[in-house]
Amino acid sequence: MDNVHHLSERVVTDFKKAREKYEIYGKFYMFLSDKAREYLEDKSQEYKGCLNDIQRLILPIVKKVCPICQPHCCRLSTPERSIYIAGSVGGFELCDYLLAQCNTTLPDPDYGKAERNLCPFWEHGCTLPMDCRSYLCIQYFCDELQQELDMKLISEHLRKIESVLNSFSIAECMV
């Protein structure tokens with residue numbers, strides 16, 4: 001019981017740090033120069049295109065498998081997986097946040113959910129547009145989804161997304 005309590009405390013602490021980081025991402029985005037925005041728009045189109053491609057592959061299976069697990073997606077609120085959610089807001093790091101945010105208004109995260117160890121973008125499904133999801137989330141597939149999906153094909157698409165992220169330069173956004 002003490003270990004579960006410790007994990008719960010750590011979730012709240014980690015999430016508070018993640019929330020601060022996420023809010024800094026938003027401020028960084030707001031102050032991008034015109035030149036940085038041009039660069040970001042090109043890379044964002046590439047990122048969002050890759051996300052749409054993979055979503056077309058997984059969405060039919062998600063619609064079949066995921067309603068069984070409602071209302072808690074992927075059992076992420078269980079203690080052994082809690083840090084998956086707590087370490088970020090929506091799984092975003094700066095690169096995928098900028099690429100997702102570009103020319104899109106992301107929904108406001110429900111921080112109250114996050115402090116209860118649920119994704120702040122979860123409400124009977126992900127509230128983020130399909131082409132605005134984080135790389136962390138798009139690469140997670142529960143056991144049931146893995147059994148139903150062609151994971152070799154999914155892996156190829158994940159490598160494309162990873163390639164876009166790896167070629168993205170934060171330095172180009174600082175000019």
With surrounded by 15 or more Cβ atoms within 10 Å (Cβ to Cβ), closer than 17 Å to Asp53 by Cβ and either in contact (Cβ under 8 Å) with a residue 24 or more places away in the chain or in contact with a Pro (Cβ under 8 Å, 6 or more places away or on another chain) (or both) as the only criterion, which of Pro129, Pro120, Pro109 stands out? Pro129
Given the condition small (Gly, Ala, Ser), touching a helix residue (DSSP H, G or I) at 6+ places or on another chain (Cβ under 7 Å) and closer than 30 Å to Met151 by Cβ, answer yes or no: does some residue in region 46-64 qualify? no
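Taken together, the values in this text are just the output of simple stated rules run on the coordinates, not laboratory data. Please read all numbers here as calculations on a predicted model, not as lab measurements. Here Cβ is always computed from backbone atoms with ideal geometry, including for glycine, and neighbour counts include all displayed protein chains.
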